[in-house]
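Take a look at the structure set out below.
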Amino acid sequence: MITMPNFQFRFCLKPLSIAMLSIGLTACTGPTSPVNNQKPVIKDASLKPFGQSGESSTLNDSAERQGKPVVYQVFTRLFGNTNTNNEPWGTIEQNGVGKFSDFTPEALKAIKSLGTSHIWYTGVPHHAVINDYTDFGISNDDPDVVKGRAGSPYAVKDYYNVNPDLADDPAKRLEEFEALISRTHAAGMKVIIDIVPNHVARDYHSLSAPEGVSDFGAHDDTSVEYARDNNFYYVVGEAFQVPTADNYQPLGGEKHPLSDGKFEEFPAKWTGNGARASKPDINDWYETVKVNYGVKPDGTYDFPVLPEEYSDKSFEEHAAFWQGKDVPDSWYKFRDIAHYWIDKGVDGFRYDMAEMVPVEFWSFLNSSIKQKAPNAFLLAEVYQPDKYREYIHQGKMDYLYDKVGFYDTLKTIMQGSGEVSKLVTIHDEINDIAPHMLHFLENHDEQRIASPDFAGSAQKGKPALAVSALISSSPTLLYFGQDVGEDGSEETGFGDPTRTSIFDYVGVPAHQRFMNDGKFDAGKSTEDEKALHKFYQDVMAIAATNPAVTGEYQSLHALNLDVKDSAYTEQQFAFVRAQGEHGFVVVANFNDKPTGAMKLVVPSNVLGKDSDRITLAPMLSHEGITLEKAGINYNASFSLEGLETKVFAF
């Protein structure tokens, strides 16, 4: 196998990509007023509100969803794959591939049992692949500009169709995905897919575009570096050269008719991460080309600028602003793509690297989507905290990743080097937009919790899950296999372990044991994996069904740190969520050792009660607790086991 230990592949590059941008994304930070977004309402989500007596929860009986959205991300190519060979650089025949048809009623029921409201089917749009589909009229892709054996899902080749790998019959791949949309809806969940506006595959060519829709770049003036209505930027007069590195060969060195170190492209186009050289660096996103949104090479804008006061305006007012405006061609192309999928029944989008596209485009696109589908779920990948409010208020995003801040800080706590006080501060800093900041512990870009480079044990994710899922009304994202402790240790070909590969054909062992040949009953899971899965179900039931999750948050951390003769430290976190008659207290222990005797102090005004003694019911598998009145506070003595979380209802 060819290994590349020094490479920073795409999933590592994302936060660095901003420094690499050579075209401007300048705009003012928006004000902190609320936005006029509609939170998804799912009245038929078939959820059973979590009880207050510590019993195991189920999410099968019909009841109105009263908690927060829960997004379950599946890497569609891997989810249903039962093949366990995991040969490095293995072909589709050697290592297998998951299909749309693997999302059976049993599979969807298992996904829903984690509180899921939306399934993000990652890797659905037709991207560049190595497998030969010429019998279906699809041109072969060149391994010199494809990452991995199976290809990057973020190098989209045809936005009007889906990945042929995922279909039982590639000729009917679009119909098979439409059937999956229908099955997902019938199971009481919504469908999200990726839109990747910043870049497309080096060899973009749509076989399925509606009549009158031209390919990206089809009408570009390639004699100039930039023109407003060109879809791409060009390195005028220079041919593209395939990047090279001493320790890398496409397909791990396997011979292939198209793998010759050449790819015909003249003139060369700018690379997806903004690199302008005709020969990109091996660490650039060389499999993609950057889309032009009317941002000139010097960073100035070639389109109407959204007035600052539109930060406070509704989707309807944003749509009205763009009515009749003349905007770059790429804007219309991506609007038409998004509308096409909404018309197919897709319920929302996850926007890849949204910050590399000007915020005005997002105002244009998202306001148009909301006119067609007011409850569309719009999630964006943004890594610059100083732009969060801009992309929410002016760009009209429903949700952004809370990575640079909450996730990054929580990760250090899970690893044993961070302090809870910093997490409290970080969360307070985005208090005004907290409902819009999606929380996660894993996704396809991040290391698996159980991997040695992260925490080394899935158990260390348990307190983090409770904190991340219950501290805010923002959505929680779960990545498939996270709930059974998948460690991402497979050597698959392109890139190194710790993340489940998005570039190659691979089986996902812990998930496969839970899947149990399509039964989805944990029949082959270890006892630890079963216990972890149950913990995820129980915590996510609270997040999905308890109205207090959408109420007020108050940290109890500083108050409890100051208590004398208590074991409470920077490795524990206590907070309250309350709304009306519903409320709960969360106390999590990030240390893998028991706390010893600890005193929990809760202000009486938080509980909204006035009596000498209050008994709080357990919401997880632990005992309840009795609080005694002492002045203006209530307190109780108790302890936590290593990595234990207790949640008490009041």
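What to note about this one:
- For region 470-551, the C-alpha radius of gyration sits at 1.29 times the compact-globule guess of 2.2 N^0.38 Å, with N the residue count.
- Accessible area in square angstrom per residue, the chain, 1.4 angstrom probe: 35 Å²
- Centre separation in Å (Cα based) which lies between region 176-210 and region 87-139: 12 Å
- Rounded to 5, the percent of DSSP beta bridges in the chain classed as antiparallel: 65 percent
- Sorting the Cα pairs of region 467-514 by distance into bins of 5 Å, from 0 upward, gives 5, 21, 22, 18, 14, 11, 8, 2 percent per bin.
- Charge-dipole axis of the chain as Lys and Arg at +1 and Asp and Glu at -1 on Cβ define it, positive-most pick from Asn283, Pro304, Leu477: Leu477
- Largest to smallest in accessible area, the residues Lys157, Lys534 fall in the order Lys534, Lys157 (1.4 Å probe, all protein chains included).
- Relative to the Cα centre, the charge distribution of the chain, modelled as +1 at Lys and Arg Cβ and -1 at Asp and Glu Cβ, gives a dipole magnitude of about 1520 debye.
- Sulfur and carbon atoms: percent of accessible area, the chain [1.4 Å]: 46 percent
- Normalised radius of gyration (Cα atoms, divided by 2.2 N^0.38 Å) for region 221-277: 1.37.
- DSSP bridge orientation in region 261-419 - percent antiparallel, rounded to nearest 5: 25 percent
- Debye intensity ratio I(q)/I(0), log10, region 118-173, q values 0.12, 0.17, 0.25 Å⁻¹ (C-alpha model): -0.25, -0.50, -1.05
- Debye intensity ratio in log₁₀ form over the Cα atoms of region 80-214, taken at each q of 0.10, 0.12, 0.15 Å⁻¹: -0.35, -0.51, -0.79
- Here the mean projected area of the convex hull built on the C-alpha positions of region 270-348 is 7.7 nm².
- Shape descriptor for the chain: Rg over Rh equals 0.97 (Cα atoms; Rh from the Kirkwood inverse mean 1/r).
- Over every Cα atom in region 353-439, the radius of gyration and the widest Cα-Cα span, Dmax, amount to 14.4, 47 Å.
- By the Kirkwood approach, averaging reciprocal distances over each pair of separate Cα atoms, region 535-623 gets a hydrodynamic radius of 14.3 Å.
- Between region 529-588 and region 370-428, the C-alpha centres lie 20 angstrom from each other.
- Sequence-distant lysines (8 or more away, or on other chains) whose Cα lies within less than 24 Å of Lys333: Lys157, Lys269, Lys290, Lys296, Lys325, Lys344, Lys370, Lys372, Lys396
- Using only alpha carbons, region 288-433 has a radius of gyration to Kirkwood radius ratio (Rg to Rh) of 1.02.
- Rg and Dmax of region 211-359, based on Cα coordinates, read 18.5, 58 Å.
- Estimated D of region 84-131 in µm² per second, where Rh is the Kirkwood radius over Cα pairs and Stokes-Einstein applies at 25 °C, 0.890 mPa s: 185 µm²/s
- Charge dipole of region 125-234 about the Cα centre (unit charges at C-beta), most positive-ward option of Ile138, Asn161, Ser206: Asn161
- Mean projection area, nm², convex hull over Cα of region 189-240: 5.4 nm²
- Anisotropy class of region 488-597 from Cα gyration tensor, a/c 1.5 cut: prolate
- The packing ranking of peptides 109-115, 79-85, 269-275, highest mean first, is 269-275, 109-115, 79-85, where packing means the average number of other beta carbon atoms within 10 angstrom of each residue.
The values are calculated or read from the model by the stated rules, or taken from the named source; none is laboratory data. All values derive from a computational prediction rather than experimental measurement. All Cβ positions, glycine included, derive from the backbone under ideal geometry; neighbour counts span all protein chains shown. What goes into the accessible areas is simple: the full protein's heavy atoms, side chains included, and nothing from ligands, DNA or RNA. Shrake-Rupley method; radii C 1.70, N 1.55, O 1.52, S 1.80 Å.
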